[in-house]
There are 2 protein chains.
Amino acid sequence: VTQYAVAIVGFGAWGTALSALLGRAGHRVSAYTPETDVVRAVAAERVNRKYLPECPLPPSLVVTGDPAQALAGARFVLWAVPTQALGAAVDAAGTHVPSDALLISLAKGFERGTHRRPSQVLQERLPRHRLSAVLGPSHAEEVALGRPTVVAACAQDEAAAAEAQALLHGETFRVYRNDDLTGAECGAALKNVIAIAAGMADGLGFGDNAKGALMTRGLAEMSRLGVALGGRRETFFGLTGLGDLIATCISRHSRNRRVGEGLGRGRALAEILGEMTQVAEGVPTSEAALEMAEAATIAVPITEQVVAVLRGEKSADLAWRDLMARDPRAE
Amino acid sequence: VTQYAVAIVGFGAWGTALSALLGRAGHRVSAYTPETDVVRAVAAERVNRKYLPECPLPPSLVVTGDPAQALAGARFVLWAVPTQALGAAVDAAGTHVPSDALLISLAKGFERGTHRRPSQVLQERLPRHRLSAVLGPSHAEEVALGRPTVVAACAQDEAAAAEAQALLHGETFRVYRNDDLTGAECGAALKNVIAIAAGMADGLGFGDNAKGALMTRGLAEMSRLGVALGGRRETFFGLTGLGDLIATCISRHSRNRRVGEGLGRGRALAEILGEMTQVAEGVPTSEAALEMAEAATIAVPITEQVVAVLRGEKSADLAWRDLMARDPRAE
């Protein structure tokens, strides 16, 4: 197996887990983060206490606040920052990306206001670089512990997907390929909206029956909107759609589900977000998804209710009752 | 709302929960069960301690070991017995079904040996009766507590589905219609096979990433086989397929998932089944599904592994590794 120089932009939970995965496979990994407290703490403690404390870091890993140092000579550059911070990350690090590096996009969301997918944010600033997105059911906490995980390397350019696959594929972290980048990114973004709704059901004390029904309707809603946005329908029933939807809606690791759970218990959004170290991508993405659905005249009843609750316009309890009260018809 | 005489054949967890649901709506409910211990205990304690102790029973409910008494005058007859016991139940009660009664099939599985779906078992003996199956994500424990539940009344005959819907639909128990009875029954049966595999992942200490990937592949496998058996593809992505798959694979209430969890921990099947009061439909259905897939030359890699573990031919750990080791390709 060839060993590569790999740079990771962003050193939250997912960047940390992937640095460990790549380090175990013998790759030389460096990471850039603008968070100076993380740089200092990792140098001192050799663990990312802020974002993923249970993950042992590879001895050779360098974490730095200097993007030029982190990206020098990198054959792969992994973008492990939240969607709303991706533009700023490309501003900071974009000029240091080697010209032959493959970009690997890891963010899951739509950019607020512009509605851009992460790959579009990257490609607008780095139009000559080849790119693949690695998406699918992949909680960092589980990857860090070597729990079995199956994801997809997504790119219109099949060679780019194959390169990302070759870098990351291993015994417990399996990487398939998918050439529907648009559909995969739409699924990855939209599942976080449904996860907030699923969390509301948890917070309201509902059960697995309600969750099964909600997620089924949620996947239908995701695929309706995602197809209107240019994705292929079957992508939404694969790893990057359904697979990630399941892993997110059922997991204690999901921050989006947890936001919904708090709302279901009647807590205020600001209070819930104030307690979280990490970003819940679904909050800004819900607003973006609703705007995109309205522009495309696609019905998104679950997204509508999620946005209404996030805005404080109605309680999770009332939102759920409004969803349930829809007329019984053919499925 | 019209109030009907409703008979339930079988008084396990699901029959009990539905007797409570129907009783609350004002219908006159009687139940027949050949289990004399249940008949006696319900008469004495007014609760079904053996199968669903937390469920309050309607005061007017009659539970009897006499099928003639239970079915006399019934406008609806609900068949709430496990698939493998359905033939015997029709033998015992079939002649007492009033000629204008609508049959409602509730079993989820394939009959061992004959591979018949529950509706086929009923229709073979009662060919002149109209029939609908009510299927979807519906743990009895949650329905008994009034937790929100959404299911589908399935029938080729739209009027039959509409009648079943009219009987059961209510504020917290929502009933949609689906005219693909074959697809719905195939989904209901096959999800229990995947739930055993999901339980194995739990027993092996895997996480939500693994479960998301497994259930995604599992749904693809269910729909491949189910379409070969005459179902419509989209039915598998609806309430009776995906919805029930989710509710089953994530739930502590699922007996099929629990069987898999025990196998994942390395316990013997006989020992696990010996501790259970209720039937795990997925055990006989897995064998039937594998035979049906072989006859139709459909690849069912997950079902194959489940059957191998159920037969004691390999450990759950090895079965999972064999699944994961498949070549990484396009999704």
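The values are calculated or read from the model by the stated rules, or taken from the named source; none is laboratory data. Note that the coordinates shown come from a computational prediction; the quantities given were computed from them, not determined experimentally. Cβ coordinates were reconstructed from backbone atoms using ideal geometry, including for glycine residues, and neighbour counts include every protein chain displayed. Note: areas computed on protein heavy atoms with side chains; ligands, DNA, RNA excluded. Shrake-Rupley method; radii C 1.70, N 1.55, O 1.52, S 1.80 Å.
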Quiz prompt | Copy-to-copy label separations for A:HIS115, where each label sits 7 Å from Cα toward Cβ, in nm and ascending | solution = 4.8
Quiz item: Any idea what % of Cα-Cα pairs in chain B are farther than 28 Å?
Solution: 38
Exercise. On a 0 to 90° scale, report how tilted helix A:158-168 is relative to the longest principal axis of chain A, with both axes built from alpha carbons and the result rounded to the nearest 10.
Key: 80
Quiz item: Hey, which residue of B has the C-beta nearest the axis mapping B onto A, and what's the distance in Å?
Solution: B:ILE250, 2
Practice problem: Between B:SER138, B:SER286, B:SER99, find the one with the highest GNM mean-square fluctuation for chain B; connect C-alpha pairs within less than 10 Å. | Solution: B:SER99
Quiz prompt | Hull-based mean projected area of the protein assembly as shown, where the convex hull spans the alpha carbons, in square nanometres | solution = 28.3
Exercise. Using only alpha carbons, build the gyration tensor for the range A:198-296 and give me the equivalent ellipsoid semi-axes, biggest first, whole Å.
Key: 24, 17, 12
Quiz item: Amide H neighbours of B:ASP180 under 5 Å, counting only residues 5+ apart in sequence or on other chains, H built in-plane at 1.01 Å?
Solution: B:ALA155
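Please give me, ordered by residue number, the trypsin sites (Lys or Arg not before Pro) of the range A:126-216 that lie in loop per DSSP and have at most 11 other Cβ atoms within 10 Å.
On the way: sites: A:ARG128, A:ARG130, A:ARG174, A:ARG177, A:LYS191, A:LYS211; in loops: A:ARG128, A:ARG130.
Answer by residue number: A:ARG128.
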Quiz item: For the protein assembly as shown, what is the charge dipole size about the Cα centre, in debye to the nearest 20, if Lys and Arg each add +1 at the Cβ and Asp and Glu each add -1 at the Cβ?
Solution: 420
Quiz item: Say a label goes 7 Å from Cα toward Cβ at A:ARG233 in every copy; what distances in nm does this one have to the rest, shortest first?
Solution: 0.7
Self-check item: Label zone at B:ALA295 (point 7 Å along Cα-to-Cβ), backbone N below 15 Å, the range B:167-192
Solution: B:186
Self-check item: Cβ-vector label at 7 Å, A:VAL47, separations to other copies in nm
Solution: 4.7
Practice problem: Express as a percent, rounded to the nearest 5, the fraction of DSSP beta bridges in chain B (both residues included) that run antiparallel. | Solution: 10
Quiz prompt | Total accessible surface hidden between A and B, rounded to 100 Å², 1.4 Å probe | solution = 4200
Exercise. Mind listing the long-range amide H neighbours of B:VAL29? Cut-off is under 5 Å, sequence gap 5 or more, other chains count too, H placed in the peptide plane at 1.01 Å from N.
Key: B:VAL6, B:VAL62
Quiz item: For A:THR36 and A:ARG125, FRET efficiency with R0 = 41 Å and r from the beta-carbon atoms, rounded to 0.05?
Solution: 0.95
Practice problem: Could you name every residue in the range A:174-209 that has 50 Å² or more less accessible surface in the full protein assembly than in its own chain alone (probe 1.4 Å, ligands and nucleic acids excluded)? | Solution: A:ARG174, A:TYR176, A:ARG177, A:ASP208, A:ASN209
Self-check item: √(5λ) per eigenvalue of the Cα gyration tensor, the range B:264-331, largest first, Å
Solution: 24, 17, 9
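Can you give the mean number of other chain Cβ atoms that lie within 10 Å of the Cβ atoms in peptide A:76-82?
Numbers: counts 0, 0, 0, 0, 0, 0, 0.
That works out to 0 on average.
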Quiz prompt | Rg and Dmax [Cα atoms of the range B:66-105; Å; Rg one decimal, Dmax integer] | solution = 9.6, 27
Quiz item: Each residue of the range A:118-129 in turn: what ³J(HN,Hα) in whole Hz from Karplus with 6.51, -1.76, 1.60 and θ = phi - 60°, glycine and Pro shown as x?
Solution: x, 5, 6, 4, 5, 6, 5, 8, 10, x, 8, 8
Quiz prompt | Which listed pairs, of B:LYS50/B:LYS211; A:LYS191/B:LYS108; A:LYS191/A:LYS211; B:LYS191/B:LYS211; A:LYS211/B:LYS108, have C-alpha distances above 24 Å, in listed order | solution = B:LYS50/B:LYS211; A:LYS191/B:LYS108
Exercise. Given the options A:THR114, A:THR172, A:THR33, state which has the largest fluctuation in a GNM of chain A using a 10 Å cut-off (strictly under) for Cα springs.
Key: A:THR114
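What is the average number of partner chain Cβ atoms found within 10 Å of a Cβ in B:53-60? Could the numbers behind the result be given before it?
Details: counts 0, 0, 0, 0, 0, 0, 0, 0.
Mean shielding by partner chains, rounded to a whole number: 0.
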Self-check item: Solvent-free Debye scattering, log10 I(q)/I(0), computed from the Cα coordinates of the range A:1-159 at q = 0.16, 0.19, 0.20 Å⁻¹
Solution: -0.86, -1.26, -1.40
Quiz item: Once the Cβ-Cβ distance between A:GLU171 and B:LEU145 is put in as r, and R0 is 45 Å, what FRET efficiency do you end up with, to the nearest 0.05?
Solution: 0.55
Quiz item: Among B:ALA133, B:ALA295, B:ALA220, which one shows the biggest mean-square fluctuation in a GNM of chain B, springs joining Cα atoms closer than 10 Å?
Solution: B:ALA295
Exercise. Measure nothing fancy, just the Cα-based angle from helix B:208-228's long axis to the longest principal axis of chain B, in degrees from 0 to 90, nearest 10.
Key: 70
Quiz prompt | Peptide A:129-139 - average C-beta neighbours from other chains (10 Å radius) | solution = 2
Quiz item: At a 1.4 Å probe radius, carbon and sulfur cover how many percent of the accessible area of the range B:262-331?
Solution: 49
Exercise. Mind ranking B:6-19, A:297-310 by how tightly packed they are, going by the mean number of other C-beta atoms within 10 angstrom, highest first?
Key: B:6-19, A:297-310
